[in-house]
1. Might you let me know whether the range B:189-200 holds any residue that is farther than 30 Å from B:THR35 by Cβ, crowded, with 16+ Cβ neighbours inside 10 Å and touching a Lys or Arg at 6+ places or on another chain (Cβ under 8 Å)?
2. Do we have B:ILE200 as in contact with a Cys (Cβ under 9 Å, 6 or more places away or on another chain) and of a type in the set (Val, Ile, Thr) here?
3. Mind telling me which of the residues A:LYS83, A:LYS96 ends up being surrounded by fewer than 23 Cβ atoms within 10 Å (Cβ to Cβ), within 14 Å of chain B (Cβ to nearest Cβ), free of Cβ contacts under 8 Å to residues at least 24 places away in the same chain and not in a helix (DSSP H, G or I)?
4. Filter the range B:89-122 down to residues that are buried (at least 19 other Cβ atoms within 10 Å of the Cβ), of a type in the set (A, V, I, L, M, F, W, C) and more than 14 Å from chain A (Cβ to nearest Cβ), then give me how many there are.
5. Of all the residues that make up the range A:1-34, how many are farther than 24 Å from A:GLU78 by Cα and within 11 Å of another protein chain (Cβ to nearest Cβ)?
6. So B:GLY213 ticks every box in (1) modelled with pLDDT under 95; (2) assigned to a strand (DSSP E or B) but one. Which box is left unticked?
7. From the list B:VAL334, B:VAL305, B:VAL277, exactly one residue is aliphatic (A, V, I, L, M) and within 14 Å of chain A (Cβ to nearest Cβ). Which is it?
8. When the range B:335-368 is examined, which residues are found to be more than 15 Å from B:LEU397 (Cβ to Cβ), outside any helix (DSSP H, G or I) and not hydrophobic (A, V, I, L, M, F, W, C)?
Amino acid sequence: MKTIVIGVIGADVHAVGNKIIEHVLTEQGYNVVNVGVLSTQEDFIHAAIETDADAIMVSSLYGHGEIDCKYMRENCVEAGIGKVKLYVGGNIVVGKQDFKEVEQRFKKMGFDRVYPPGTNIEDAIAHLREDLGE
Amino acid sequence: MSVHLLVDFGSTYTKLTAVDLEEERIVGTSKAMTTVKTNVLDGFNNAMDKLKNTHPDMKEITAISACSSAAGGLKMAAIGLVEELTVEAAKRACLGAGALVNTVFSHHLSRKEIKQLKNADIDIILLAGGTDGGNKECILHNAKKLADAKLSVPIIVAGNKDAQDEIEEIFEASNIEYYIVENVMPKLKQLNVKEAKEVIRQIFITKIIEAKGIKKAEEQTGEIIMPTPEAVLIAAELLAKGHEDVEGFGELMVIDIGGATTDVHTIGAGFPKRSEVIFKGLQEPFAKRTVEGDLGMRYSANALVSLVSPYEFKQYSSYQHDIGEAAKKRHENVDYLPESDEEKEFDRALAKICCDYSMSRHVGQVEVVYTPLGNMYYQTGKDLTDIRYVIGTGGVLINNENAKDILREVNQKSNKKLELRPTDPIFLIDQLYILSAMGLLGQKYPKLAIKLMKRHLE
């Protein structure tokens, strides 16, 4: 069974989407480790180390995701889990910006998949299956 | 016709408490120097003679239970993966079982660390790492390293269950004494220390007691059933929870200031009390014990004064002389008893610092997070603001006329606002020094133990 760490990063308390993601991923046969809202990068990374996670899915809805996610890939590398898949989605930047550009920025930061507002979780699951070789 | 005798083989004193089971009262207590180096029974017999002399009409002793912290108590090493997670869980298992944890390692063990383990004075190693189904590579690496090192101390394996079989093979092949128990953190942030604690106690009873030369005592006292700090924790838990129709005190704290360490025990969930507070980190044990190895009145006096600046020291005391000298005197002469008012004042200051610092390290803390929805708070550790009773024990507090003054240091402070300390507790002192004895008695007679504690803590 593949293990996915999920949670909401930074000073963000949006809990509803987080619960939906947990529900759907569990239903789809994943071992979901939910670090919950108001989580720091360390919370995600420590959880991924102990549970030997295959992917980390970061949610952010309050606009500051870009700052909260800075150096997350580098921090994973430092912590010895540099190969873990990093996904991010939600309202991850301030204001209305061209998503193509946003996606590029996050990919440069080391994220494997970047999702705009309104994405269906099913789309991400299709990517998970592909990325984790299922 | 039945007196139950409770014995505590302490590091300095062997203490006896005689309880009359029918009349439900404490007949008497006595103490004598612990004699581990010669024959541990000498100290026991001396204390026994004293007890019989002061209570010549004492009925026949029909049962004895004993605990011990003699010969350095129980020392353990805790090894895990991530410091805040399985390392912390492993530490809590050791502390909850009454051990002193002086060697702690995280992630992959290095050669240097193995060397440290070899040279360290430890009785048992607790090896954790990984949630069930999680990381097993690290614990396997560490198991191999430990096996190669051919350590002679028993190893308790309490990590990822997926790695158990392989670890079993590794240890079997190297003739390591090992015990496999449930994972101390089976799921992320979930603490599960019960089985690990039980096995620690079993090893303590069967092996450690013998290695420390205390086994001989069992000829007269029957089995020594647990380390003393565990007995205190059990007593505290009983007193808090009550038993059947005997009501308990509710959430409480026990603080034990000793010569080398300060122990803090709290019984209570300590969950966040407001909706804008979010709990972070590893689950807290309902009965939690922390031990501070650098906070003590004698052996640790040097370490203690090095923690505070002369300016800070003045906040605790009006002592005028050289602080370093006064601490050194106590460190080098652990039996030192202050006679002048000034020296007594210095001891009071040390005790206050022990109280204040151990509290800072034991209680939970909050941290403000500014969110678009307003201020939220992270809470790590236990919220102890509503703790109702704080009980002081240990020689310093019991023999001090200002004991309650010293204990007041646990209270919430204006300069430590983010610490979740008790706000307005009732202070009690363990005048007769019976807490560990009541933990032992409580194994068989929980109701009586609670009644006696309620009567004698004042």
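The values are calculated or read from the model by the stated rules, or taken from the named source; none is laboratory data. Just so it is clear, the model here is predicted, and its values are computed rather than measured. When we count neighbours, we look across all protein chains shown, and the Cβ atoms used for this are built from the backbone with ideal geometry, even at glycine.
1. Yes: the range B:189-200 contains one or more residues that are farther than 30 Å from B:THR35 by Cβ, crowded, with 16+ Cβ neighbours inside 10 Å and touching a Lys or Arg at 6+ places or on another chain (Cβ under 8 Å).
2. Details: in contact with a Cys (Cβ under 9 Å, 6 or more places away or on another chain): yes; of a type in the set (Val, Ile, Thr): yes.
It is true that B:ILE200 is in contact with a Cys (Cβ under 9 Å, 6 or more places away or on another chain) and of a type in the set (Val, Ile, Thr).
3. Within the list A:LYS83, A:LYS96, the selection yields A:LYS83.
4. Total satisfying the criteria: 11.
5. 6
6. Condition not satisfied by B:GLY213: (2).
7. Exactly one residue qualifies, and that residue is B:VAL277.
8. Passing the criteria: B:ASP335, B:TYR336, B:GLU339, B:SER340, B:GLY364, B:GLN365, B:GLU367.
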